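Asker: Sharing a structure below in structure tokens format, with a few things to ask.
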Amino acid sequence: MKLTLKIWRQKSRNDKGQFVTYTMNDVNPEMSMLECLDVLNETLIEKGEEPVAFEHDCREGICGSCGFMINGVAHGPERATTVCQLTMRHFKDGQELVIEPWRAKAFPQIKDLVVDRRAFDRIIASGGYVSISTGNATDGNTHLIGKDTSDRAMDAAACIGCGACVAACPNASAALFTGAKIAHLGILPQGKPEQDRRARGMVAQLNTEPFGSCTNIGECTGACPKEIPLEVISVMNRDYIRASWKKRDDDVRTVRPVTDWSLSSKP
Amino acid sequence: MTLDSKLPSGPIETAWQRTRFDLKLVNPANKRRHSIIVVGSGLAGGSAAATLGELGYNVRCFCFQDSPRRAHSIAAQGGINAAKNYQNDGDSVYRLFYDTVKGGDFRAREANVYRLAEISVSIIDQCVAQGVPFAREYGGALTNRSFGGAQVSRTFYARGQTGQQLLLGAYQALERQVHEGTVTMYPRTEMLDLIVIDGRARGIVTRNLITGELDVHIADAVILGTGGYGNVYYLSTNAKGSNVTASWRAHRRGALFANPCYTQIHPTCIPVSGDYQSKLTLMSESLRNDGRIWVPVKKGDKRSPDQIPESERDYYLERRYPSFGNLVPRDVASRNAKAVCDEGRGVGETGLGVYLDFSDAIKRLGRHVISERYGNLFDMYQRITDEDPYKVPMRIYPAIHYTMGGLWVDYHLQSTIPGLFVLGEANFSDHGANRLGASALMQGLSDGYFVIPYTIGNYLATNKFPKADASHPEAQAAVASVRQITDKLLSIKGHRTVDSFHRELGKIMWDECGMSRTAEGLKKAIGQIRALREEFWQNVNVPGSGDDLNQSLEKAGRVADFFELGELMCIDALERNESCGGHFREEYQTAEGEAQRDDEHYSYVAAWGYRGPGNAPELIKEPLEFDYVHPSQRSYK
């Protein structure tokens, strides 16, 4: 099949960037979107041009590395599918695909389709865990956890941290991502002791990063390749309100968002 | 050179306990004065970095991905073994130990394997405590399933995403330490050389993948948890970024590389569909619990599967191995799939595939049970192939999945370079010639959470660490050597892309050093690899420059190392004149076509030393002794 790809090319964060149009005449409908870019890149290199930089690793939809907008939709038209598993048979012969990176202030551009998602790591670092050091654990069956509870925790824990929720949100909010971790751990008995502290810490960091606010639009859950339910945002809000009622955020330590790469390598 | 494996003497049941007591401790107040570098943030590296941070060491952790949570452990599907015996079905530490030694075809160290089985129990406890949502019974207890090669149900799982959940547990523990300030994380930073000062590993040279800067990091010890080298085959189930570079550069600095030819072919992957194919997708082995594997009895039978009556189907694993059936270990299942395809009975357009059929299980258990167990795998299959496995049998074919070989380590997980420790898939130690399903996650976490925190303490407590910094001549020499490779790759500007070389190398490896090998084929492959490597250094085209994000340059450096590794794998496979586990030499098989070991001559670990470019590597043998599990012909009949 034949496709026209309009791809965002940007050399570096400070470069202005622009769309460049590429025509592909021989796309196999069985190949994935990323394999289609591989084929394009091979031809670009052979022509002496720089290939399109894009993030990818496992190509099985689980590592969360890949992701970009296709015709304005995060990860493209298929529900619950990352671009690495999106096969070209879902497009029509002769179609034009506009491909651009996640656009969000909290995800600074790096190059072409690659963005900086370290804000997500900082949100997890500010409370997205159970503080249990190696060796502290009791027997695995000490806490009996009903199957329904465990399944609900697993639904929230399935988040792959790709950033599609932020890219899809008109406000560029990271509420679904943050809520997913707060819900995963808060549902389980192991996460209960730190439920308040976790909500205060993670929400404080979320607010420190240049993400927008959540206005319950729901684009995030529609774009989510793991179909994280919108309810996790309510869980986050409930946990946060309850926690702040009990205690103010004075003791919460947030970290300053870092956008420079060079500095971070030389602490 | 002789190898001191530091194996404990005395009864195996108490060996690790006694070793732990004998290991020297670092005073709590002194821990923060010791700096440790951890390369890799997967189950092995991530759990090690987190745990060492918890203990109070000053840790720096490096990964090439944009976040430590992306390490390839995340893609493991099926589960993690532990000898909990929650199912009351006869499991024990000793049985897990026994199964693993036997499953590894008697090419692993008994003491290492026993320790792994012993620690397996604590891993589950630790992960549950972190909030890993393992599958549970309605009553709330943890549930288990059986997995290839085992007759007990000892595998813990979180849907088909066990690796993801375990990795997120380790990642969260790691981020907690980042927040505490004990661990500094360096994402998008690739290790390109090891710095050895006065015979000890004292640091690494890294390239910042965004700015291209080369940096020197000095520490008291270096840990590699950098995974396996399956991508030498180009097409594998590994993530695209998985590579051997950290291990290989350490090998070039003196660390021995053990058993490189032991590679595992996973029997259940989605077959190749075209030339553009960039990787192979695994379908969890757990599918073999309920799926039945078959091919048509007749050669070249092109009827659709529902048109082939029961009497014209060959459920070849059930036929040949009545007691294990579809659950035979991976090497056996893979070889049998290849054999029926080679006979011309393969299915699908390419003829390189066999059916994995769930219709009986759906009839017996109902669609909802199958969906509960494998729903996400079925969805993934349908997404990729556009076929509904609830209605049409899956088509599967073996693919490279895991590498048992790796850097040689002693019982303390220390390589032949003092101060360089190697964990998880990157080392060679626990799986022998074949790894059992659900044991990779177990080993990664065992090494990282429960072994290295003890053994590295002993190293730090018993050695002195003279001050060193980036200006040290050894550090400068390492930087210069990295810069030279980078500059060379960028300056060739030839006519072929890095990927085209990688594909060609992968094809040679798959054809001659893949599922079955012959002396003649291996010799041919060595010649082909050398010629192709020479062409690579004359004719590769790496576009762009070295001072920004350049994914072609990253790949080129990794492929350059794969050439050298690929040759060593063939040399190792050629040297090992026997068949064992994943290493199947066609010349050495029983009358029934099973692998034939030669314990008299090959019951050893083959550890290879680097002797400079173009020179034949040096072979050093570590004899294997079996005091508990008597080597026998593996039988799954």
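The values are calculated or read from the model by the stated rules, or taken from the named source; none is laboratory data. For clarity, every value in this text was computed on a predicted model and none was experimentally measured. With ideal geometry, Cβ positions are generated from the backbone for all residues, glycine too; neighbour counts draw on all protein chains shown. Ligands, DNA and RNA are excluded from the accessible area calculation, which covers all protein heavy atoms including side chains. Shrake-Rupley method; radii C 1.70, N 1.55, O 1.52, S 1.80 Å.
Asker: Quick one: which residues, 5 or more positions from residue B:197 or on another chain, have an amide H under 5 Å from its amide H? H modelled 1.01 Å from N in the peptide plane, none for Pro or chain starts.
Answerer: Excluding prolines and chain starts, which carry no amide H, the hits are B:202.
Asker: To the nearest 500 deg cm²/dmol, what mean residue ellipticity at 222 nm is calculated for chain A from DSSP H runs of n ≥ 4 alone, each contributing -39,500 (n - 2.57), summed and divided by the residues?
Answerer: Calculated from helices alone, the mean residue ellipticity at 222 nm is -10000 deg cm²/dmol.
Asker: Here is a further query. What's the center-to-center distance, using Cα atoms, between segment B:567-637 and segment B:445-494 in Å?
Answerer: With segment B:567-637 and segment B:445-494 each reduced to a Cα centre, they are spaced 31 Å.
Asker: Cross-chain or 8 or more residues apart, Cα under 20 Å: how many lysine pairs in segment B:266-399 fit that? Count them up, please.
Answerer: Summing the qualifying lysine pairs gives 6.
Asker: For residue B:352, what accessible surface area do you get with a 1.4 Å probe? Give it in Å², rounded to 10.
Answerer: 80 Å²
Asker: Percent antiparallel among DSSP beta bridges with both residues in chain B, to the nearest 5?
Answerer: Roughly 70 percent of the beta bridges in chain B run antiparallel, per DSSP.
Asker: Is segment A:3-103 rounded, prolate or oblate when judged by the Cα gyration tensor, a ≥ b ≥ c being the square roots of its eigenvalues, rounded requiring a/c under 1.5 and prolate requiring a/b larger than b/c?
Answerer: Rounded is the answer for segment A:3-103, as its axis ratio a/c remains below 1.5.
Asker: A further question follows. With a 1.4 Å probe and all protein chains in place, put B:290, B:547 in order of accessible area, largest first.
Answerer: B:547, B:290
Asker: Here is a further query. Let me see the P(r) profile for chain A: every Cα-Cα distance counted, bins of 5 Å, each bin given as a percent of all pairs.
Answerer: Taking all Cα pairs of chain A, the binned fractions are 1, 6, 12, 15, 16, 15, 12, 9, 6, 4, 3, 1, 0 percent.
Asker: Using only Cα atoms and rounding to the nearest 10 degrees, what angle (0 to 90) does helix A:195-208 make with the longest principal axis of chain A?
Answerer: 40 degrees
Asker: Helix-only estimate, please: 222 nm mean residue ellipticity of chain B, summing -39500 (n - 2.57) across DSSP H runs of length 4 or more and dividing by its residues, to the nearest 500.
Answerer: The per-residue figure over chain B is -11500 deg cm²/dmol.
Asker: Residue A:240: accessible area at probe 1.4 Å, nearest 10 Å²?
Answerer: Counting only protein heavy atoms, the figure is 60 Å².
Asker: Same structure, new question: Counting DSSP beta bridges in segment A:3-103, what percent are antiparallel, to the nearest 5?
Answerer: If I count the DSSP bridges inside segment A:3-103, around 75 percent turn out antiparallel.
Asker: Debye sum, Cα scatterers, segment B:473-623, no solvent: what log₁₀ I/I(0) at q = 0.09, 0.13, 0.21 1/Å?
Answerer: Reported log10 I(q)/I(0), two decimals: -0.38, -0.71, -1.27.
Asker: Can you compute 3J(HN,Hα) from phi for each residue in segment A:44-51, using the Karplus curve 6.51 cos²θ - 1.76 cosθ + 1.60 with θ = phi - 60°, rounded to whole Hz and x for Gly and Pro?
Answerer: The phi angles translate into 5, 4, 4, 7, x, 9, 7, x Hz.
Asker: At 1.4 Å probe size, what's the solvent-accessible area of residue A:99? Round to the nearest 10 Å².
Answerer: 0 Å²
Asker: Residue by residue through segment A:117-133, what is 3J(HN,Hα) from phi via Karplus (6.51 cos²θ - 1.76 cosθ + 1.60, θ = phi - 60°)? Round to whole Hz and write x for glycine and proline.
Answerer: Whole-Hz 3J(HN,Hα) from phi for segment A:117-133: 10, 5, 4, 4, 4, 5, 5, 5, 4, 8, x, x, 7, 9, 7, 10, 6.
Asker: Using the alpha-carbon centroid of each, what span in Å lies between segment B:1-41 and segment A:6-77?
Answerer: The distance from the Cα centre of segment B:1-41 to that of segment A:6-77 comes to 47 Å.
Asker: Long-range amide H contacts for residue B:593: which residues qualify at under 5 Å (H placed 1.01 Å from N, peptide plane, sequence gap of 5 or more or a different chain)?
Answerer: none
Asker: Sticking with this structure for a sec: Taking square-rooted eigenvalues a ≥ b ≥ c of the alpha carbon gyration tensor, is segment B:329-475 rounded, prolate or oblate, where a/c under 1.5 means rounded and, failing that, a/b exceeding b/c means prolate?
Answerer: Verdict is prolate for segment B:329-475.
Asker: Return a whole-number percent for the relative contact order of segment A:117-251, with Cα pairs under 8 Å and 6 or more residues apart as the contact set.
Answerer: 33 percent
Asker: Show B:226, A:259 ordered by accessible area, largest first, where the area counts protein heavy atoms only and the probe is 1.4 Å.
Answerer: Ranking B:226, A:259 by accessible area, largest first, yields A:259, B:226.
Asker: How high is the relative contact order of chain B? Use alpha-carbon pairs under 8 Å, at least six apart in sequence, and give a whole percent.
Answerer: 20 percent
Asker: Still on this structure, I have one more. Relative to the longest principal axis of chain B, what angle (0 to 90°, nearest 10) does the C-alpha long axis of helix B:551-575 take?
Answerer: 70 degrees
Asker: Separation of segment B:193-227 and segment A:130-190 by C-alpha centroid, Å?
Answerer: 34 Å
Asker: Here is a follow-up. Given R₀ = 41 Å, what would the calculated FRET efficiency be for residue A:136 paired with residue B:198, taking r from the Cβ atoms and rounding to 0.05?
Answerer: Between residue A:136 and residue B:198 the formula returns 0.60.
Asker: For chain B, find the longest principal axis of its Cα atoms and tell me its angle to the long axis of helix B:452-461, 0 to 90°, nearest 10.
Answerer: It is inclined by approximately 20 degrees.
Asker: Here's another thing I want to ask about it. Pairs of Cα atoms under 8 Å, at least six residues apart: use those to get the relative contact order of segment A:175-244, whole percent.
Answerer: 54 percent
Asker: In sequence order, what are the phi-derived ³J(HN,Hα) couplings for segment B:404-410 according to the Karplus relation 6.51 cos²θ - 1.76 cosθ + 1.60 with θ = phi - 60°, rounded to whole Hz, with x for glycine and proline?
Answerer: Those phi angles translate into 6, x, x, 5, 5, 9, 8 Hz.
Asker: For the protein assembly as shown, just the Cα atoms, rotate onto the principal axes and tell me the three extents in Å, largest first.
Answerer: Over the protein assembly as shown, Cα extents along the principal axes are 73, 69, 64 Å.
Asker: Could you tell me which residue out of B:557, B:603, B:584 lies farthest along the dipole of segment B:552-637 toward its positive end? Charges go on the beta carbon: Lys and Arg +1, Asp and Glu -1, centred on the Cα centre.
Answerer: B:557
Asker: Let me ask another. Name the residues whose placed amide hydrogens come within less than 5 Å of the amide hydrogen of residue B:404, ignoring near sequence neighbours (fewer than 5 apart) on the same chain.
Answerer: Counting only residues 5 or more places away or on other chains, the set is B:263, B:264.
Asker: How do B:240, A:11, B:467 rank by accessible surface area computed with a 1.4 Å probe, from largest to smallest?
Answerer: B:467, A:11, B:240
Asker: With a/c under 1.5 counting as rounded, go ahead and sort segment B:266-399 into rounded, prolate or oblate using the C-alpha gyration tensor (a ≥ b ≥ c being the square roots of the eigenvalues; past the cut-off, prolate if a/b is larger than b/c, else oblate).
Answerer: rounded
Asker: By DSSP, what percent of the beta bridges with both residues in the protein assembly as shown are antiparallel, rounded to the nearest 5?
Answerer: If we restrict to bridges inside the protein assembly as shown, about 70 percent are antiparallel.
Asker: Report the percentage of all Cα-Cα pairs in chain B whose separation exceeds 39 Å, rounded to a whole percent.
Answerer: Summing the P(r) tail past 39 Å for chain B gives 27 percent.
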